[in-house]
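To keep things clear, I will list the structure first and then write my remarks on it.
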Amino acid sequence: MAFVNLKKKEVQVKVVYYGPGRGGKTTNLEYIYSKFNHRIKTEMVAIKTHGDRTLFFDFLPFDIGKIKGYDVKIQLYTVPGQVKYNATRQLVLRGVDGVVFVADAMVVRKDKNIVALKNLQDNLAAHKKNIFTIPMVFQYNKMDLAAQGIPLLSYDALERSLNAQLKVPSFEASALTGKNVAQTLKKIVSLTIASLQKELV
Amino acid sequence: MALSRHDNLAEEVETRLDELFDDNDGSLEGVEAGRSLEDSPLRELRAIVLSIDWEITDEAMTRFIDQVDRLRPSYQEDRLLLAFLQLLRPLGKYIKANKGRCLPEAIQLLNSVYTNFEKVASADAMPREQKKKILMAEVVRFKELKEQIAAHHGRKTPQGAANALSPPRTIGAGAQTVALSRADLAFLVSEVTQVIRAEFDALRSELNTLCGAR
């Protein structure tokens, strides 16, 4: 549930980038930060281990200005994708309002995507949230690798294996080059704010 | 009425987001244009370097070293290009041996040496002096990395463990670090504290389970 401060007319929206390890969640936030920092004027915090993997979470807060008289603040988080950090993932999901599931389009990662999606469902359920009702967007990442001859799952195959039941918006993307990174962000933020309309209007 | 309110809200949000995140030049084409290696002997090596960027596996690193060895005869006549390959090989071997435990600078250096190798190898018009300069910059970085590795191995375990974490960093600001606001910092500290607590709780219960199973 978003944090709404009626007195200060302020809304905090929490969006979490979820998905398998090495799928490109941090790269999404890094791209957003490096590309739009001059407009969103913020700082990004990332805490990493030696191998450059996310240890706790990445955090990128920014304001989008006043909407319906409310000051809307967006907080983007990533979770560590490695299986062993489930307690952290569960904690980061506390109070989540919207989820971007960053799937890895490489053929060899098909099963890891499914495991991570199931893990998301379980961890949301632990916070009494339903994967079928929470605002969510799929991002099928690493599409740039096709040019290097690395076998990738097709958009249809990814839709079938991950989005057949959820039927949420989805994007083919490359977090490394920025393709559809902003579109993914815009979609999840607008879906999430729309879901909060009762509090705002 | 409710629907019209909803539409207004959605419209307002979308306009605001378009203003903030207008991204016309973020396409794949923009980045990859002019870098086709269709018929180049480097095509395979570039694919491996890109895959290493996503995940370091034994297989990828073995392929990397093999590919560097395979390329050596092709550049035997050009000592400058050969020198790039001579830098890439030990980097590959170090990363293969240490994988996730290797210094992050090693992966950055591998990427940088490869990118410059590709640049120099494909820029026929570039003056030799400029190519030499690029190579020398990589050699200097390579030597610095060697020293870092030696220093890292020289440390005793407790200090080494303390250094296992890179300090929090601000990305994209180059060498400049921009301070977070007090509120953001306080918020982050409380979040990190809770995360650590949760990880310890999980670890504790795992240990209890293991002890109970004995």
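The values are calculated or read from the model by the stated rules, or taken from the named source; none is laboratory data. Everything numeric in this text was worked out from a predicted model, so none of it was measured. All Cβ positions, glycine included, derive from the backbone under ideal geometry; neighbour counts span all protein chains shown. Just the protein is used for accessible areas: all its heavy atoms, side chains included, with ligands, DNA and RNA removed. Shrake-Rupley method; radii C 1.70, N 1.55, O 1.52, S 1.80 Å.
Somewhere in segment B:123-134, is a residue under 19 Å from the mean Cα position of the chain (by Cα) and modelled with pLDDT of 90 or more?
Residues of segment B:123-134 under 19 Å from the mean Cα position of the chain (by Cα): none.
No, the conditions are met nowhere in segment B:123-134.
When A:V96 is tested against (1) under 15 Å from the mean Cα position of the chain (by Cα); (2) open to solvent by less than 10 Å² (accessible area, probe 1.4 Å); (3) at pLDDT below 90, exactly one condition is not met: (3).
Within the span defined as segment B:20-42, one or more residues are within 30 Å of A:K186 (Cα to Cα), facing another protein chain (nearest Cβ under 9 Å) and at pLDDT 85 or above. For segment A:25-43, the criterion of being of a type in the set (A, V, I, L, M, F, W, C) and more than 11 Å from every other protein chain (Cβ to nearest Cβ) is met by no residue.
Looking at A:L166, A:L145, A:L120 in this structure, which one is open to solvent by 10 Å² or more (accessible area, probe 1.4 Å) and over 30 Å from A:K7 (Cα atoms)? Before you say what the answer is, go through the steps one by one.
Values: A:L145 fails: open to solvent by 10 Å² or more (accessible area, probe 1.4 Å); A:L120 fails: open to solvent by 10 Å² or more (accessible area, probe 1.4 Å).
A:L166 is the lone residue from the list that is open to solvent by 10 Å² or more (accessible area, probe 1.4 Å) and over 30 Å from A:K7 (Cα atoms).
Note on segment A:56-168: enclosed helices (runs of 4 or more DSSP H) holding 3 or more residues that are away from chain B (no Cβ under 13 Å), touching a residue at least 60 places away in the same chain (Cβ under 8 Å) and not hydroxyl-bearing (S, T, Y) are A:110-126. Looking across segment A:187-201 at every residue that is open to solvent by less than 40 Å² (accessible area, probe 1.4 Å) and facing chain B (nearest Cβ under 8 Å), the one that is farthest from A:V96 (Cα to Cα) is identified as A:L200.
The criterion of at least 2 residues that are surrounded by 19 or more Cβ atoms within 10 Å (Cβ to Cβ) and in contact with a helix residue (DSSP H, G or I) (Cβ under 9 Å, 6 or more places away or on another chain) is met by the following strands (runs of 3 or more DSSP E) wholly inside segment A:2-50: A:10-18, A:45-48.
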